[in-house]
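Trainee: Take this structure, written in C-alpha coordinates, and hold onto it; I'll ask about it next.
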Amino acid sequence: ELCFRVCCPTRKWLKGLVDSGLSTVPEAFVQPPEERIDKENAIKYDLPPIDLSKLDGHGPDHDEVANQIVRAAETLGFFQVVNHGVPLHLLESLKVSAHEFFSLPPQRKAVYLADVSPSPLVKYGTSFIPEKEKALGWKDYILMQYTNDDEALQHWPQEIKEMLLEYLRSSIGMVKKLLQVSLGNLGVKPDDSMIDVLIGKKMLSMIFYPICPNPDLTLGVGRNSDIDTFTVLLQDEVGGLYVKMEQDTGYGKKGDWIHIPPTPNALVINVGDMLQILSNGKYRSAEHIVCTSSTNSRVSIPIFIMPRETTKIAPLPQVVEKDGIAVYREVVYVDYMNKVFANALDGKKPLDFAKISPA
(Lines give C-alpha, C1' and ligand atoms only; values in the text may rest on other atoms or scores of the structure.)
Protein backbone atom coordinates (compact mmCIF):
# COMPACT_ATOMS: atom_id res chain seq x y z
CA GLU A 1 0.00 0.00 0.00
CA LEU A 2 2.78 2.43 0.89
CA CYS A 3 4.66 1.66 -2.31
CA PHE A 4 1.48 2.06 -4.33
CA ARG A 5 0.78 5.47 -2.81
CA VAL A 6 4.23 6.62 -3.82
CA CYS A 7 3.65 5.35 -7.37
CA CYS A 8 0.09 6.63 -7.59
CA PRO A 9 -0.57 9.68 -5.40
CA THR A 10 -4.26 9.69 -6.36
CA ARG A 11 -4.78 6.35 -4.64
CA LYS A 12 -5.45 7.86 -1.22
CA TRP A 13 -8.46 9.78 -2.57
CA LEU A 14 -10.19 6.70 -3.93
CA LYS A 15 -11.59 5.84 -0.53
CA GLY A 16 -13.96 8.76 -0.75
CA LEU A 17 -13.88 12.52 -0.60
CA VAL A 18 -16.97 12.73 1.54
CA ASP A 19 -15.16 11.36 4.58
CA SER A 20 -12.13 13.61 4.30
CA GLY A 21 -13.30 16.87 5.90
CA LEU A 22 -10.81 18.84 3.80
CA SER A 23 -10.39 22.57 4.39
CA THR A 24 -8.34 23.25 1.27
CA VAL A 25 -8.45 21.76 -2.21
CA PRO A 26 -5.59 19.25 -2.55
CA GLU A 27 -3.30 19.73 -5.53
CA ALA A 28 -4.61 16.55 -7.17
CA PHE A 29 -8.02 18.21 -7.62
CA VAL A 30 -6.89 21.62 -8.91
CA GLN A 31 -8.03 21.96 -12.53
CA PRO A 32 -5.82 23.66 -15.13
CA PRO A 33 -7.08 27.25 -15.64
CA GLU A 34 -8.30 26.49 -19.17
CA GLU A 35 -10.68 23.84 -17.80
CA ARG A 36 -12.45 26.17 -15.37
CA ILE A 37 -15.42 28.28 -16.40
CA ASP A 38 -16.71 31.71 -15.44
CA LYS A 39 -19.91 30.76 -13.61
CA GLU A 40 -20.82 34.40 -12.99
CA ASN A 41 -21.19 35.06 -16.70
CA ALA A 42 -22.86 31.77 -17.62
CA ILE A 43 -26.28 32.05 -19.24
CA LYS A 44 -29.24 30.82 -17.22
CA TYR A 45 -31.40 28.34 -19.12
CA ASP A 46 -34.91 29.71 -18.74
CA LEU A 47 -37.07 27.63 -21.09
CA PRO A 48 -39.97 25.96 -19.26
CA PRO A 49 -39.80 22.18 -18.92
CA ILE A 50 -41.47 20.12 -21.64
CA ASP A 51 -44.80 18.56 -20.60
CA LEU A 52 -44.58 14.95 -21.75
CA SER A 53 -48.22 14.20 -20.90
CA LYS A 54 -49.14 15.99 -24.13
CA LEU A 55 -47.36 13.30 -26.16
CA ASP A 56 -50.08 10.82 -25.24
CA GLY A 57 -52.68 12.43 -27.49
CA HIS A 58 -52.81 13.54 -31.10
CA GLY A 59 -53.14 16.91 -32.74
CA PRO A 60 -51.50 20.28 -32.13
CA ASP A 61 -50.43 19.65 -28.52
CA HIS A 62 -48.65 16.42 -29.44
CA ASP A 63 -46.96 18.01 -32.43
CA GLU A 64 -45.83 21.06 -30.48
CA VAL A 65 -44.25 18.94 -27.73
CA ALA A 66 -42.57 16.73 -30.32
CA ASN A 67 -41.17 19.86 -31.97
CA GLN A 68 -39.87 21.12 -28.62
CA ILE A 69 -38.01 17.84 -28.06
CA VAL A 70 -36.52 17.90 -31.56
CA ARG A 71 -35.45 21.56 -31.29
CA ALA A 72 -33.73 20.88 -27.98
CA ALA A 73 -31.96 17.80 -29.36
CA GLU A 74 -30.77 19.77 -32.40
CA THR A 75 -29.46 22.77 -30.48
CA LEU A 76 -28.47 22.36 -26.85
CA GLY A 77 -28.73 18.59 -26.45
CA PHE A 78 -30.32 19.12 -23.01
CA PHE A 79 -33.90 19.73 -21.94
CA GLN A 80 -36.07 19.30 -18.85
CA VAL A 81 -39.33 17.33 -18.69
CA VAL A 82 -42.31 17.17 -16.34
CA ASN A 83 -45.25 14.75 -16.24
CA HIS A 84 -42.65 12.15 -17.12
CA GLY A 85 -44.22 9.17 -15.39
CA VAL A 86 -41.73 8.87 -12.52
CA PRO A 87 -43.59 9.28 -9.20
CA LEU A 88 -42.73 12.59 -7.57
CA HIS A 89 -42.52 11.06 -4.10
CA LEU A 90 -39.88 8.69 -5.49
CA LEU A 91 -37.77 11.60 -6.77
CA GLU A 92 -37.77 13.17 -3.31
CA SER A 93 -36.97 9.86 -1.63
CA LEU A 94 -34.08 9.23 -4.03
CA LYS A 95 -32.43 12.54 -3.13
CA VAL A 96 -32.77 11.85 0.59
CA SER A 97 -31.47 8.29 0.18
CA ALA A 98 -28.46 9.48 -1.82
CA HIS A 99 -27.42 11.83 0.99
CA GLU A 100 -27.98 9.04 3.53
CA PHE A 101 -25.93 6.55 1.53
CA PHE A 102 -22.92 8.85 1.21
CA SER A 103 -23.16 9.62 4.93
CA LEU A 104 -22.65 5.96 5.79
CA PRO A 105 -19.42 5.00 7.58
CA PRO A 106 -16.45 4.73 5.19
CA GLN A 107 -16.10 1.00 5.73
CA ARG A 108 -19.68 0.41 4.60
CA LYS A 109 -18.99 2.05 1.22
CA ALA A 110 -15.43 0.75 0.85
CA VAL A 111 -16.73 -2.77 0.22
CA TYR A 112 -17.69 -1.55 -3.28
CA LEU A 113 -14.28 -0.14 -4.24
CA ALA A 114 -13.31 -1.52 -7.63
CA ASP A 115 -10.60 -3.90 -6.43
CA VAL A 116 -12.71 -5.48 -3.67
CA SER A 117 -16.35 -5.11 -4.81
CA PRO A 118 -18.23 -8.41 -4.55
CA SER A 119 -19.65 -7.81 -8.03
CA PRO A 120 -18.30 -6.26 -11.24
CA LEU A 121 -21.77 -4.71 -11.54
CA VAL A 122 -21.14 -2.32 -8.63
CA LYS A 123 -18.28 0.15 -8.22
CA TYR A 124 -17.64 2.92 -5.69
CA GLY A 125 -15.05 5.57 -6.35
CA THR A 126 -13.90 9.14 -6.73
CA SER A 127 -13.40 10.95 -10.05
CA PHE A 128 -13.59 9.16 -13.44
CA ILE A 129 -10.31 7.45 -14.34
CA PRO A 130 -7.91 8.83 -11.70
CA GLU A 131 -4.76 7.32 -13.16
CA LYS A 132 -5.35 9.11 -16.49
CA GLU A 133 -6.62 12.53 -15.38
CA LYS A 134 -4.71 15.79 -15.09
CA ALA A 135 -6.96 16.71 -12.17
CA LEU A 136 -9.42 14.61 -10.19
CA GLY A 137 -13.13 15.36 -10.10
CA TRP A 138 -14.55 16.59 -6.77
CA LYS A 139 -17.11 13.82 -6.36
CA ASP A 140 -17.82 10.41 -4.93
CA TYR A 141 -20.08 8.02 -6.78
CA ILE A 142 -21.50 4.55 -6.80
CA LEU A 143 -22.12 3.06 -10.25
CA MET A 144 -24.43 0.11 -10.83
CA GLN A 145 -24.86 -1.82 -14.06
CA TYR A 146 -28.32 -3.26 -14.64
CA THR A 147 -28.61 -6.74 -16.10
CA ASN A 148 -31.84 -7.97 -14.51
CA ASP A 149 -33.85 -7.41 -11.35
CA ASP A 150 -32.56 -10.53 -9.60
CA GLU A 151 -28.89 -9.57 -10.01
CA ALA A 152 -29.63 -6.00 -8.96
CA LEU A 153 -31.40 -7.15 -5.81
CA GLN A 154 -28.51 -9.48 -5.05
CA HIS A 155 -25.59 -7.12 -5.68
CA TRP A 156 -26.69 -3.48 -5.45
CA PRO A 157 -26.34 -1.79 -2.03
CA GLN A 158 -29.11 -2.83 0.33
CA GLU A 159 -29.92 0.77 1.30
CA ILE A 160 -30.80 1.96 -2.21
CA LYS A 161 -31.48 -1.00 -4.51
CA GLU A 162 -35.29 -1.13 -4.34
CA MET A 163 -35.65 2.59 -4.89
CA LEU A 164 -33.21 2.66 -7.80
CA LEU A 165 -34.98 -0.24 -9.50
CA GLU A 166 -38.29 1.62 -9.25
CA TYR A 167 -36.63 4.74 -10.68
CA LEU A 168 -35.32 2.72 -13.62
CA ARG A 169 -38.60 0.89 -14.26
CA SER A 170 -40.68 4.06 -14.15
CA SER A 171 -38.31 5.93 -16.53
CA ILE A 172 -38.26 3.42 -19.40
CA GLY A 173 -41.65 4.37 -20.84
CA MET A 174 -40.55 8.00 -21.03
CA VAL A 175 -37.30 7.08 -22.79
CA LYS A 176 -39.19 5.00 -25.37
CA LYS A 177 -41.45 7.98 -26.13
CA LEU A 178 -38.43 10.26 -26.54
CA LEU A 179 -36.83 7.78 -28.94
CA GLN A 180 -40.03 7.45 -30.96
CA VAL A 181 -40.21 11.23 -31.34
CA SER A 182 -36.53 11.79 -32.11
CA LEU A 183 -36.23 8.90 -34.57
CA GLY A 184 -39.62 9.66 -36.10
CA ASN A 185 -38.37 13.14 -36.94
CA LEU A 186 -35.51 11.51 -38.85
CA GLY A 187 -37.96 9.57 -41.03
CA VAL A 188 -37.75 6.31 -39.10
CA LYS A 189 -40.68 4.55 -37.47
CA PRO A 190 -38.90 2.54 -34.80
CA ASP A 191 -40.45 -0.80 -33.91
CA ASP A 192 -40.15 -2.35 -30.46
CA SER A 193 -37.13 -4.43 -31.42
CA MET A 194 -35.18 -1.40 -32.66
CA ILE A 195 -35.95 0.52 -29.49
CA ASP A 196 -35.04 -2.47 -27.31
CA VAL A 197 -31.61 -2.63 -28.99
CA LEU A 198 -30.97 1.11 -28.46
CA ILE A 199 -31.92 0.94 -24.78
CA GLY A 200 -30.64 -2.57 -24.12
CA LYS A 201 -27.92 -1.62 -21.61
CA LYS A 202 -28.55 0.49 -18.52
CA MET A 203 -26.29 1.91 -15.84
CA LEU A 204 -27.36 3.94 -12.82
CA SER A 205 -25.26 6.12 -10.60
CA MET A 206 -25.64 8.08 -7.40
CA ILE A 207 -23.15 10.94 -7.32
CA PHE A 208 -22.20 13.06 -4.32
CA TYR A 209 -20.43 16.41 -4.67
CA PRO A 210 -19.16 17.39 -1.20
CA ILE A 211 -18.90 20.98 -0.05
CA CYS A 212 -15.73 22.33 -1.64
CA PRO A 213 -13.47 24.82 0.20
CA ASN A 214 -12.58 26.58 -3.07
CA PRO A 215 -14.98 25.71 -5.88
CA ASP A 216 -13.27 28.06 -8.35
CA LEU A 217 -10.24 25.75 -8.46
CA THR A 218 -11.92 22.44 -9.14
CA LEU A 219 -14.84 20.72 -10.88
CA GLY A 220 -17.18 17.95 -9.83
CA VAL A 221 -17.06 16.51 -13.36
CA GLY A 222 -14.83 17.79 -16.13
CA ARG A 223 -15.86 18.43 -19.74
CA ASN A 224 -17.56 15.42 -21.27
CA SER A 225 -20.51 14.23 -23.29
CA ASP A 226 -22.42 11.07 -22.40
CA ILE A 227 -21.66 8.03 -24.52
CA ASP A 228 -25.18 6.63 -24.42
CA THR A 229 -28.46 7.08 -26.30
CA PHE A 230 -30.17 9.24 -23.67
CA THR A 231 -29.35 10.15 -20.07
CA VAL A 232 -32.13 10.68 -17.54
CA LEU A 233 -30.90 12.85 -14.66
CA LEU A 234 -32.40 13.75 -11.32
CA GLN A 235 -30.57 16.70 -9.79
CA ASP A 236 -31.27 18.21 -6.39
CA GLU A 237 -31.97 21.86 -5.53
CA VAL A 238 -28.32 22.97 -5.31
CA GLY A 239 -27.53 23.21 -9.02
CA GLY A 240 -24.15 23.11 -10.74
CA LEU A 241 -24.81 21.58 -14.16
CA TYR A 242 -23.47 23.62 -17.11
CA VAL A 243 -23.79 22.88 -20.83
CA LYS A 244 -21.61 24.28 -23.62
CA MET A 245 -23.12 25.78 -26.76
CA GLU A 246 -21.80 24.14 -29.93
CA GLN A 247 -23.30 26.75 -32.25
CA ASP A 248 -24.95 30.16 -32.15
CA THR A 249 -28.62 29.85 -31.20
CA GLY A 250 -31.31 31.90 -29.52
CA TYR A 251 -29.84 30.86 -26.16
CA GLY A 252 -26.39 32.24 -26.78
CA LYS A 253 -23.25 32.03 -28.88
CA LYS A 254 -20.97 29.15 -29.70
CA GLY A 255 -18.69 28.45 -26.74
CA ASP A 256 -21.01 29.99 -24.14
CA TRP A 257 -21.81 28.00 -21.02
CA ILE A 258 -25.44 27.64 -19.93
CA HIS A 259 -26.52 26.75 -16.40
CA ILE A 260 -29.30 24.14 -16.25
CA PRO A 261 -31.05 25.18 -13.02
CA PRO A 262 -32.88 22.71 -10.82
CA THR A 263 -36.62 22.72 -11.59
CA PRO A 264 -39.13 21.24 -9.13
CA ASN A 265 -40.55 17.86 -10.20
CA ALA A 266 -38.52 17.88 -13.43
CA LEU A 267 -36.00 15.44 -14.83
CA VAL A 268 -33.13 16.53 -17.06
CA ILE A 269 -32.72 14.67 -20.36
CA ASN A 270 -29.63 14.85 -22.47
CA VAL A 271 -28.76 13.48 -25.86
CA GLY A 272 -25.92 10.96 -25.93
CA ASP A 273 -23.20 10.34 -28.49
CA MET A 274 -25.05 7.37 -30.00
CA LEU A 275 -28.02 9.54 -30.95
CA GLN A 276 -25.63 12.04 -32.53
CA ILE A 277 -24.14 9.26 -34.66
CA LEU A 278 -27.55 7.77 -35.59
CA SER A 279 -28.78 11.21 -36.67
CA ASN A 280 -25.60 11.85 -38.70
CA GLY A 281 -24.90 14.87 -36.50
CA LYS A 282 -28.40 16.40 -36.66
CA TYR A 283 -28.87 15.80 -32.92
CA ARG A 284 -26.10 16.91 -30.61
CA SER A 285 -24.78 15.23 -27.54
CA ALA A 286 -24.01 18.03 -25.13
CA GLU A 287 -20.60 18.81 -23.70
CA HIS A 288 -21.20 19.54 -20.03
CA ILE A 289 -19.49 19.98 -16.68
CA VAL A 290 -20.53 20.00 -13.03
CA CYS A 291 -19.32 22.78 -10.75
CA THR A 292 -18.99 22.50 -6.98
CA SER A 293 -20.30 24.65 -4.14
CA SER A 294 -18.67 26.09 -1.03
CA THR A 295 -21.97 26.16 0.86
CA ASN A 296 -23.90 22.99 -0.02
CA SER A 297 -23.19 19.42 -0.90
CA ARG A 298 -25.07 18.17 -3.96
CA VAL A 299 -26.42 14.86 -5.21
CA SER A 300 -27.47 13.79 -8.68
CA ILE A 301 -28.82 10.46 -9.88
CA PRO A 302 -28.39 9.67 -13.59
CA ILE A 303 -29.63 6.69 -15.57
CA PHE A 304 -27.48 6.03 -18.63
CA ILE A 305 -29.58 4.38 -21.34
CA MET A 306 -27.25 2.69 -23.84
CA PRO A 307 -27.39 0.30 -26.79
CA ARG A 308 -26.54 -3.33 -26.23
CA GLU A 309 -22.77 -3.80 -26.30
CA THR A 310 -22.75 -5.77 -29.56
CA THR A 311 -24.91 -3.21 -31.40
CA LYS A 312 -23.49 -1.69 -34.56
CA ILE A 313 -24.22 2.04 -34.54
CA ALA A 314 -24.08 4.06 -37.76
CA PRO A 315 -25.96 6.99 -39.29
CA LEU A 316 -29.47 5.89 -40.26
CA PRO A 317 -29.75 5.20 -44.01
CA GLN A 318 -32.76 7.53 -44.30
CA VAL A 319 -30.69 10.42 -42.92
CA VAL A 320 -27.61 9.67 -45.03
CA GLU A 321 -29.76 9.55 -48.16
CA LYS A 322 -31.18 12.95 -47.32
CA ASP A 323 -27.82 14.46 -46.32
CA GLY A 324 -25.94 12.92 -49.25
CA ILE A 325 -22.97 11.92 -47.09
CA ALA A 326 -22.30 10.00 -43.87
CA VAL A 327 -20.42 12.00 -41.24
CA TYR A 328 -19.76 8.94 -39.04
CA ARG A 329 -18.66 5.40 -39.74
CA GLU A 330 -20.19 2.30 -38.20
CA VAL A 331 -18.92 1.46 -34.71
CA VAL A 332 -19.63 -1.47 -32.43
CA TYR A 333 -20.88 0.03 -29.19
CA VAL A 334 -18.56 -1.95 -26.91
CA ASP A 335 -15.55 -0.69 -28.91
CA TYR A 336 -16.74 2.88 -28.41
CA MET A 337 -17.19 2.28 -24.67
CA ASN A 338 -13.73 0.75 -24.33
CA LYS A 339 -12.18 3.71 -26.12
CA VAL A 340 -13.86 6.16 -23.72
CA PHE A 341 -13.01 4.25 -20.56
CA ALA A 342 -9.36 3.99 -21.55
CA ASN A 343 -8.89 7.77 -21.45
CA ALA A 344 -9.54 10.78 -19.26
CA LEU A 345 -12.58 12.96 -19.93
CA ASP A 346 -11.92 15.35 -22.80
CA GLY A 347 -15.09 17.04 -23.99
CA LYS A 348 -16.57 15.40 -27.08
CA LYS A 349 -13.29 13.96 -28.31
CA PRO A 350 -14.61 10.35 -28.18
CA LEU A 351 -16.82 11.14 -31.18
CA ASP A 352 -13.66 11.54 -33.26
CA PHE A 353 -13.35 7.74 -32.97
CA ALA A 354 -16.49 7.40 -35.12
CA LYS A 355 -16.01 10.41 -37.38
CA ILE A 356 -15.17 9.88 -41.04
CA SER A 357 -12.14 12.03 -41.84
CA PRO A 358 -12.56 14.21 -44.93
CA ALA A 359 -10.63 12.84 -47.90
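The values are calculated or read from the model by the stated rules, or taken from the named source; none is laboratory data. Quick caveat, the model's predicted, so the values are computed rather than measured. Note that each Cβ is placed from the backbone with ideal geometry, even for glycine, and that neighbours are counted across all protein chains shown. Quick note on the areas: whole protein, heavy atoms, side chains included, nothing else; ligands and nucleic acids left out. Shrake-Rupley method; radii C 1.70, N 1.55, O 1.52, S 1.80 Å.
Trainee: Show me the helices of the chain, taken as full DSSP H stretches, that run 20 Å or more along their long axis by Cα and average -1.0 or above in Kyte-Doolittle hydropathy.
Mentor: 60-75, 88-102, 161-184
Trainee: Go ahead and set up a Gaussian network model of the chain, Cα springs under 10 Å, then flag whichever of 290, 320, 268 fluctuates most.
Mentor: 320
Trainee: Report, in whole Å, the centroid distance computed from the Cα atoms of the range 269-286 and the range 185-264.
Mentor: 12
Trainee: Which one, 97, 42, 343, is farthest towards the positive end of the dipole of the range 1-354 when Lys and Arg carry +1 and Asp and Glu -1 on their Cβ?
Mentor: 343
Trainee: For the range 64-193, what is the charge dipole size about the Cα centre, in debye to the nearest 20, if Lys and Arg each add +1 at the Cβ and Asp and Glu each add -1 at the Cβ? Walk me through the numbers before you get to the answer.
Mentor: Values: 13 positive and 16 negative charges, 68 e Å.
Value, rounded to 20: 320 debye.
Trainee: For the pair residue 134/residue 34, report the inter-label distance in nm, with labels modelled 7 Å from Cα in the Cβ direction.
Mentor: With each label placed 7 Å out from Cα toward Cβ, I get 0.6 nm.
Trainee: Modelling each spin label as a point 7 Å along the Cα-to-Cβ direction, I'd like the residue 169/residue 90 distance in nm, to one decimal.
Mentor: With each label point 7 Å from Cα toward Cβ, the separation is 0.8 nm.
Trainee: Convert each backbone phi in the range 31-46 into a coupling constant with the Karplus relation 6.51 cos²θ - 1.76 cosθ + 1.60 (shift: θ = phi - 60°), then list the ³J(HN,Hα) values in order as whole Hz, x for Gly and Pro.
Mentor: With coefficients 6.51, -1.76 and 1.60, one gets 6, x, x, 5, 8, 7, 10, 8, 5, 4, 9, 5, 7, 8, 5, 10 Hz.
Trainee: Here is a further query. Over the range 1-354, what is the mean sequence separation of C-alpha contacts under 8 Å (at least six apart), divided by residue count, expressed as relative contact order in percent?
Mentor: With pairs under 8 Å counted, the relative contact order is 22 percent.
Trainee: So, one more: Where nothing but the Cβ of Lys and Arg (+1) and of Asp and Glu (-1) is charged, how large is the charge dipole of the range 123-182 around its Cα centre, in debye to the nearest 20?
Mentor: Roughly 380 debye for the range 123-182.
Trainee: Assuming 0.36 nm per residue, please report the length gained on full extension of the stretch residue 53 to residue 154 beyond their Cα-Cα distance.
Mentor: 32.9 nm
Trainee: Here is a further query. Between 264, 60, 307, which gets the highest mean-square fluctuation from a Gaussian network model of the chain, Cα cutoff 10 Å?
Mentor: 60
Trainee: Given charges of +1 on the Cβ of Lys and Arg and -1 on the Cβ of Asp and Glu, with all other atoms neutral, how large is the dipole of the range 1-354 about its Cα centre, in debye to the nearest 20?
Mentor: It comes to approximately 580 debye.
Trainee: Not counting the cut sites, what is the longest span of the chain without GluC sites (Glu not before Pro) that DSSP labels loop and that have at most 14 other Cβ atoms within 10 Å?
Mentor: 2-130
Trainee: Using a 1.4 angstrom probe with every protein chain in place, what is the largest-first accessible-area order of 170, 53, 23?
Mentor: Reading off the accessible areas and sorting them downward yields 23, 53, 170.
Trainee: Among 225, 152, 127, flag the residue with its Cα farthest along the positive direction of the charge dipole of the chain, charges on Cβ as +1 for Lys/Arg and -1 for Asp/Glu.
Mentor: 127
Trainee: Next up: Can you find, among 25, 111, 266, the residue sitting farthest towards the positive end of the charge dipole of the chain, where Lys and Arg contribute +1 and Asp and Glu -1 at Cβ?
Mentor: Most positive-ward Cα: 25.
Trainee: Moving on. Tell me, what ³J(HN,Hα) does each residue in the range 207-212 have, in order and in whole Hz, if you take phi through Karplus 6.51 cos²θ - 1.76 cosθ + 1.60 with θ = phi - 60° and put x for Gly and Pro?
Mentor: For the range 207-212, the Karplus-derived couplings read 10, 10, 10, x, 3, 10 Hz, x marking Gly and Pro.
Trainee: With springs only between Cα atoms under 10 Å apart, run a GNM on the chain and tell me which of 245, 194, 203 wobbles the most.
Mentor: 194
Trainee: Which far-off residues, 5 or more places away or on another chain, put their amide H under 5 Å from the one on residue 246, with H placed in the peptide plane?
Mentor: 255
Trainee: OK, next. How long is the chain along each principal axis, judged by its Cα atoms, biggest number first, in Å?
Mentor: 60, 46, 39
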